[in-house]
Amino acid sequence: NGHGSWAEAMTVDRPINVPRRLLDEAVAHLRSVLPWEGCGLLAEARIGADWSVCAFFPGDNVDRSRHRFTMDPRAVVDALRTIDDRGWRLGAIVHSHPVGPATPSPTDIAEAYYPEAAMLIVGLEGPAVDIRAWRLSGGEADAE
C-alpha cells in the first residue's frame, strides 16, 4: 500500500489503527535518517473497548546501518516507562527498510524481542512509501 492510502494494517489478532498525523510523523522521522534504517515505537491507548495508536516515539538507530537497527536502549526504556505510566501499551515497533521491501528480514525475525507488539515496516526504496504490519511469533512472520 502506498503512503497516501494506508490507514490500517491488520495484525493476526487485532488491527493497528494509526491516525494519519502519527503515520506522517513516523514516516518523516524514518526519511530523516536515510540512508540508515530508522526506528521508533508506537503506543496505543484504550478508547472505549478499542485500542488506537496515540503516540510515536522516534528512535535513534545506534547501529547506523542500512540493513539492521538497534533503537537506543535509553530511549526504549524512557518510552516504555511513559507508555506504562500513562496506562497505554506498546502497539508496534516501527522501522524502515531503505532498500528492499517492507517485509521482515531474517534479522528482523531473529531479533523480534517484543512479540506482543506488531512490527511496522516502512519500505522507502521506491517513489511510493510501502507500509506493512507484521506479527512475529515463533521465528515466523505472519503478513497483514
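A compact table of results
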item	result
Positions within segment 59-71 being in contact with a helix residue (DSSP H, G or I) (Cβ under 9 Å, 6 or more places away or on another chain), charged (D, E, K, R) and more than 15 Å from GLU111 (Cα to Cα), in sequence order	ASP60
Residue check for VAL77: farther than 13 Å from LEU124 by Cα, modelled with pLDDT of 95 or more and open to solvent by 50 Å² or more (accessible area, probe 1.4 Å)	yes
Members of segment 71-101 found to be free of Cβ contacts under 8 Å to residues at least 40 places away in the same chain and touching an Asp or Glu at 6+ places or on another chain (Cβ under 8 Å), listed by number	MET71, ASP72, ALA75, VAL99, GLY100, PRO101
Selection count, segment 55-100, where residues are among the polar types (S, T, N, Q), out of contact with any Leu (no Cβ under 6 Å at 6 or more places or on another chain) and assigned to a strand (DSSP E or B)	1
Qualifying residue in segment 83-90 (condition: among the aliphatic types (A, V, I, L, M) and more than 15 Å from LEU22 (Cα to Cα))	yes
Residue check for GLU37: among the charged types (D, E, K, R) and part of a strand (DSSP E or B)	no
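Residue-by-condition table, conditions (1) over 13 Å from the mean Cα position of the chain (by Cα); (2) surrounded by fewer than 19 Cβ atoms within 10 Å (Cβ to Cβ); (3) modelled with pLDDT under 95:
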site	(1), (2), (3)
ARG89	yes, yes, no
VAL94	no, no, no
GLY100	yes, yes, yes
ASP108	no, no, yes
GLU111	yes, yes, yes
PRO127	yes, yes, yes
GLU140	yes, yes, yes
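Residues checked against (1) modelled with pLDDT of 95 or more; (2) open to solvent by less than 60 Å² (accessible area, probe 1.4 Å):
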site	(1), (2)
GLU8	no, no
ASP13	no, no
VAL18	no, yes
HIS29	yes, yes
VAL33	yes, yes
TRP36	yes, no
LEU42	yes, yes
TRP51	no, yes
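The values are calculated or read from the model by the stated rules, or taken from the named source; none is laboratory data. Note that the structure is predicted; figures quoted are calculated from it, not measured. Cβ atoms come from the backbone with ideal geometry, glycine included; neighbour counts cover every protein chain shown. Side chains are part of the model used for accessible areas, which takes the heavy atoms of the whole protein and leaves out ligands, DNA and RNA. Shrake-Rupley method; radii C 1.70, N 1.55, O 1.52, S 1.80 Å.
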